Amino acid sequence: MNELLLMKSELAVTAVIFILLFIKISDTTSNETVLKIVNALLVLNVAAGFCCMDVTGELFSGMFKTNALIAFEKNMLNIGTLLISLLSYEWLRNHRHLPEFFVLMLSSLLGMFFMISSGNFLIFYLGLELSTIPVAALCNFDMEKRQSSEAAMKMIMSSAFSSGILLFGISMMYGTTGTISFAELPMLLTGSPLQIFSFILLFTGFAFKLSVVPFHLWTADVYEGSPIAVTSFLSVISKGSIVFIFLTTLYKAFAPMGEVWYNLIFLLSVATMIVGNLFALRQQNMKRFLAFSSIAQVGFILIGISGGGQNGISSSVYFMLVYIFSNLGAFGAVQLISSFSGKETIDSYKGLYQTNPLLSWVLTISLFSLAGIPPTAGFFGKFFLLASGAEKGNYILITIAALNMIVSLYYYLRVVRAIFMEKNEQPIAAIEGSMYEKAGLLICVIGIIAVGLYSHFYEYIYSLSIF
Amino acid sequence: MNLSLLIIIPLAAAIAVLLSRNGQQVKWISFLASLAQLGLSLFLLSAFMSERANGNVSQMLFEQRYSWFAPLNIEYYIGVDGISISMILLTAFVVLAGVLMSWNVEKMTKEFYFLLLLLSLGAYGFFISLDLFTLFFFLEIAVIPKYLLIGIWGSGNKEYSANKLALMLMGGSALVLVGIFAIYFMSGIHSFDMVKLSQVHIAIEVQKIFFPMLFVGFGVFTAIFPFHTWVPDGHSSAPTAGSMFLAGISMKLGGYGCLRVATYLMPEAAKEYAPIIIILASIAILYGAFATMMQKDLKYINAYSSVSHCGFVLLGIGMLTKTSIEGAVMQMVSHGLMTALFFAVIGMIYERTHTRKVEELGGLLKIMPFVCTVLFIVGLCSLGLPGFSGFVAEMTVFMGSWQNPEMFYRVATIAACMSIVVTAVYILRAVGKTAMGPITNEHFLHLKDAAWNERLAAIVLVLGIVAIGIAPFWLSDLIAPGAELIMSKIPTVIIN
């Protein structure tokens, strides 16, 4: 019984997938009903995640492990998935292949759960593949759009390529140390050149998935082409899960190589922040804009990771929590506008405040949170990331990051300016979202305000952040 | 006395404003809240003075301390000394006047007052914070409302000005952020508590790197040369209350930060860099004064003269004598009141004549006696006429500066003194042209004098100016212990 409890999140998600398959087979129910059932199931799934959270243990001789932190991370991903489902209501309502959408998305989620629970490279790799392949299919879900197929193609190519590199790294690591277990690896690492080389390959694989510069080129096209629901899944849920497993591998498996990865992360985070910010400056399409801004955010997360120790884990995990609410809030607003008016450019947002004041505030608060303006949670998230990075005494990195925050503020303010200040002859008409979308946006806004100001969230994550 | 009330009242008012039904309610809620804040600040002043009179000599009074983010030792830690109380009083006066001056805002009234209240919340929070994290938190809270106030309700090239202001101020706060981290980690005690931090010694090498960052970071807020360029654009594009808040409160955040955080926590570096600060301040004073001579727009005149006047604040801090620091704080209070009043008057004139160009104005004294009388008062205060606060503050800064016996300091003091002549020229020219002489436009003849809300706003600020001008002792007694404390940490000069 206890062993089943260890895998409760995975089992819950699997159960939901099976129910959805049955719904698909019966194929008589309307989309509205299916969405009702799915959202109810996802709420149950989130609730199930929160019971018996502090179960700790291993399964399959250490291949699968869980503890309170991992359970918390899974809950975060669950909440994010629920929010995406709520926020995409309008788009999903008219989609022909509704159950498949959720089957694919939840399969990917299941893969992520296995990945962040993994105790060795084998199950890590299986989980990773399970999490990426369904997403490639999801990218193609705007079936009548050519861009969407293009995005799916680019996604599958780049993820296959990065998985290949990752696998190459793993196999060489196995060749030099004779183990693929995270627990045994640190004792066998000698820092020989071949090991460093294979570590760099592994790191590159991660960098691809996280869209760290210079491995970010697929991101913008994929994000722009995919349906917004998938884009938000990719940029929030998928990225979050990679950050979590990245923390585990770096802090645990590759702890003896701290010097090597510290320098790598230092260089890459500087490059990622600068390139992501500079590219975001010129974007017109909101999806592309959020894509590049999310690249820049990854640069900040890397600073938190570079800190190491308890602060490194807690600040990165906390930032992901903040990021889920802020980014999904922004994507949710963009999604709502796009599905009602078909408009996605910043110029078409001019004068939005005149017609949609509440939606404008939601988008603005989310963008301020992404920019790190108090009193939103983004401010606290960025502050803790930088605090974690500053602990190493690398003030050049911190200064660069602080200056990058100004650049990012500039482009977030561009959107705010369009919404509040600029005039438009034909602003987007008033949008009346459904109950689901309103609930989703409300949760995001509450999350953005509460997670920051109410310090217990951070303190709780900090107390969990021990390996 | 519960200091948190200073934050709770604006917060509650801001929420009430959001929930209120119409513009009338919004205005009255804001007015009552700012009136309550003023009452509370005056009560705070009397409570503080009676505590001190009773012999309570602890550094900070009315302290409150709650753990906020325990893993990083972040606390919600507030308390006041004389310097913060004088800044709180300034804020309360300016906020009340600003709220009164915006009585005619018709466009998005609710949002306008919400942002004003949020801005005042940031300022109050900043002045009472004793924890660097809380201080930084409130500092940043005060930036974005300004951006929206200028961008939405402003005039002229408002989007550009709003962007410039937000980015430059955020740049300043980014430097402050790095400095705060350095203090936190390098002090060795992993704490943001300023009182505790002031008792440990931060290594001189660390101070030398991070003092300039903190000082320039805060300096951007108070228009340190060459980062003053947001001031003219921001002030001239902002709506009346926006300009009043910007010049009256927001620029003082920087001066207070330079003093309380940079100089107080890194005294050795302050000594080390004093000549550079003095040079920059003198440039700002003279450059600001000469640039004002060339301006034709009343708002630009006041904005550039603000650069010049805020230079005195930095000069006072840079001179590092007890009197000069006292003078710097007095100048912050005096300039805040004076410049807010100046912008209020300009707003009154502009609202009626629809022009701010000095050459298009003339003879207004005959039509609007009240407005023009206030204009004279504020002009004379600005050029430092005895009896008004400007004279007291600038005189104290000069006195303090002259106490430095070295040639360099003396030359800088003399140079700064010369700006007074320039100030007299531009103020007398602008005020004289606007108020006196023939009426330039017959359309002006039908204009009305100030309304009740404008009169009340002007009277509130004039009272402040005159109270300091006639009886400066209460203010200097209030500030002196704080200034002395900061000075006690500065290493003494070796004269050879």
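What to note about this one:
- Count Lys and Arg as plus one, Asp and Glu as minus one, and take only other residues whose Cβ is under 15 Å from that of B:Leu365; the net charge is then +3.
- Mean separation of Cα contacts under 8 Å, 6 or more apart, over the residue count of chain B: relative contact order %: 15 percent
- Phi to ³J(HN,Hα) by Karplus 6.51 cos²θ - 1.76 cosθ + 1.60 over segment B:156-167, Hz, x for Gly, Pro: x, 7, 6, 5, 4, 5, 5, 5, 4, 4, 4, 6
- Computed from the Cβ-Cβ distance with R0 of 45 Å, the FRET efficiency linking B:Lys296 to A:Ala271 stands at 0.40.
- Projected label distance in nm at A:Ala68 and A:Leu5, using a 7 Å step from Cα toward the beta-carbon: 1.5 nm
- Extension reserve of the A:Ala47-A:Met435 stretch, reckoned as 0.36 nm per residue once the Cα distance is removed: 137.6 nm
- Residues of chain B: accessible area per residue with a 1.4 Å probe, Å²: 32 Å²
- The relative contact order of chain A, computed from alpha carbon pairs under 8 Å that lie at least 6 residues apart in sequence, is 15 percent.
- Whole-percent carbon and sulfur share, accessible surface of segment B:54-194, 1.4 Å: 56 percent
- Whole-Hz Karplus values for segment B:438-445 come out as x, 6, 7, 9, 5, 4, 5, 4 Hz, taken residue by residue from phi with 6.51 cos²θ - 1.76 cosθ + 1.60 and θ = phi - 60°; glycine and proline positions read x.
- The GluC sites (Glu not before Pro) of segment B:32-115 meeting both criteria, a DSSP state outside H, G, I, E and B (loop) and at most 13 other C-beta atoms within 10 angstrom of the site's C-beta, are B:Glu106.
- Buried on assembly, segment B:60-92 (at least 20 Å² less accessible surface than by itself, 1.4 Å probe): B:Trp68, B:Phe69, B:Pro71, B:Leu72
- Accessible area per residue (1.4 Å probe, heavy atoms of protein chains only) ranks A:Arg146, B:Arg52 as A:Arg146, B:Arg52, with the largest value leading.
- For segment A:2-464, the ratio of Cα radius of gyration to the globular rule of thumb 2.2 N^0.38 Å stands at 0.93.
- Each residue of segment A:272-289 was assigned a 3J(HN,Hα) from its phi angle through the Karplus expression (A = 6.51, B = -1.76, C = 1.60, θ = phi - 60°), giving 5, 4, 5, 5, x, 5, 5, 6, 5, 4, 9, 6, 9, 7, 4, 5, 4, 4 Hz with x at Gly and Pro.
- Here's how it looks for B:Gln59: its modeled amide H is under 5 Å from none belonging to a residue 5 or more places away or on a different chain.
- Residues of type lysines that A:Lys145 reaches as a straight line, Cα spacing below 16 Å, ignoring anything fewer than 8 places off in the same chain: A:Lys154, A:Lys287, A:Lys343
- Fully extended contour minus Cα-Cα distance, from B:Ala467 to B:Glu63, at 0.36 nm per residue: 142.6 nm
- Heavy-atom accessible area, 1.4 Å probe, ligands and nucleic acids excluded: residues of segment B:125-142 down by at least 40 Å² from chain alone: B:Phe133, B:Phe137, B:Glu140
- Between the residues A:Trp361, A:Phe124, B:Val466, the greatest Cα displacement towards the positive end of the dipole of the protein assembly as shown, with unit charges on the Cβ of Lys, Arg, Asp and Glu, is found for B:Val466.
- For segment A:2-464, the per residue solvent-accessible surface stands at 34 Å², with DNA, RNA and ligands left out and a 1.4 Å probe.
- Cα-projected label distance for A:Val55 with B:Asn157, points at 7 Å along beta-carbon direction, nm: 6.5 nm
- Tail beyond 49 Å, pair distance distribution of the protein assembly as shown (Cα, percent): 28 percent
- Peptides A:319-331, A:431-443, B:133-145 ranked from most to least packed give A:319-331, B:133-145, A:431-443, packing being the mean of other C-beta atoms within 10 angstrom over each peptide's residues.
- Where A meets B: accessible area buried, both sides, 1.4 Å probe, Å²: 3500 Å²
- Span from the segment A:203-256 Cα centroid across to the segment A:5-61 one, whole angstrom: 25 Å
- Charge context of B:Arg352, other residues only, Cβ under 10 angstrom, K/R +1, D/E -1: -1
- Whole-percent carbon and sulfur share, accessible surface of segment A:2-464, 1.4 Å: 67 percent
- Computed on the Cα trace of segment B:5-489, the radius of gyration divided by the Kirkwood hydrodynamic radius gives Rg/Rh = 0.95.
- Computed from the C-beta positions of A:Ser181 and A:Phe18 and an R0 of 35 Å, the FRET efficiency is 0.65 to the nearest 0.05.
- Between A:Thr345 and A:Met286, the built amide H atoms are under 5 Å apart, and every one of these is 5 or more places off in sequence or on another chain.
The values are calculated or read from the model by the stated rules, or taken from the named source; none is laboratory data. None of these values were measured; they are calculated from a predicted model. Positions of Cβ are generated from backbone atoms using ideal geometry, with glycine treated the same way; all protein chains shown enter the neighbour counts. Remember, those area values only see protein heavy atoms, side chains included, never the ligands or the DNA or RNA. Shrake-Rupley method; radii C 1.70, N 1.55, O 1.52, S 1.80 Å.
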